[in-house]
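These notes are about the structure you will find just below.
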Amino acid sequence: MELEKTVLKIISEVNRTLGQYEKDWVSCERIPGVRERCKSFEHFIELRFNRECYKIPELQKLVEATDGHLFSCTSLDNPDTEKRRFTLAHVEMLDPKLIRDEDTDIKEMLDEVLKIFGGRKISFNGVKKKIKFVIED
């Protein structure tokens, strides 16, 4: 898995669908077959980000194991829900400390993904072209 291309692909698909957002109206899948009504712009981005991660073979099992809660959208900088855009979105990977001790498989997969990504937090801009992102711990 080439990290930069993979992350760009995920972000590109999320940003491509921003125009579909409508509060309390549109619903999205976290994982196939699990739809949720979008309660906020952040919620929409979180759902879409997890769904796009599911499409990546190296992440699919982990997204399934976490029921589509691998990443959460923690905040948006300068959100404009009318125009469906933002300056920066901040998503954070599930903290391994929150996984029950008996779920060692999930913890091991999370550790592996953390090694691949090099951090738990991803910030990205809300554009379709010239996407910029930062991964940090």
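The numbers here are math on the coordinates, done by the rules we state, and not lab data. These figures come from a predicted structure and were not determined experimentally. Heads up, the Cβs are rebuilt from the backbone with ideal geometry, glycines too, and the neighbour counts pull from every protein chain shown.
Worth pointing out:
- If you check Ser12, Ser27, Ser40 for being without any contact (Cβ under 8 Å) to a residue 12 or more places away in the chain and either of a type in the set (S, T, N, Q) or more than 21 Å from Lys128 (Cα to Cα) (or both), only one passes: Ser27.
Condition check ((1) hydrophobic (A, V, I, L, M, F, W, C); (2) part of a helix (DSSP H, G or I); (3) crowded, with 18+ Cβ neighbours inside 10 Å; (4) in contact with a helix residue (DSSP H, G or I) (Cβ under 6 Å, 6 or more places away or on another chain)) across all residues:
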| site | (1), (2), (3), (4) |
| --- | --- |
| Glu42 | no, yes, yes, no |
| Glu46 | no, yes, yes, no |
| Arg51 | no, yes, yes, no |
| Gln60 | no, yes, no, yes |
| His69 | no, no, no, no |
| Cys73 | yes, no, yes, yes |
| Asp101 | no, no, no, no |
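- Against the list (1) of a type in the set (Phe, Trp, Tyr); (2) under 11 Å from the mean Cα position of the chain (by Cα); (3) within 21 Å of Val127 (Cα to Cα), the condition Tyr54 fails is (3).
- Only residues that are surrounded by 13 or more Cβ atoms within 10 Å (Cβ to Cβ) and under 21 Å from Arg120 (Cβ atoms) were counted across region 75-85, and they come to 2.
- Verdict on Ala89 being within 13 Å of the chain's Cα centre (by Cα) and either closer than 13 Å to Val113 by Cβ or crowded, with 20+ Cβ neighbours inside 10 Å (or both): yes
- Of the residues making up region 105-137, those that are more than 16 Å from the chain's Cα centre (by Cα) and among the hydrophobic types (A, V, I, L, M, F, W, C) are Ile106, Met109.
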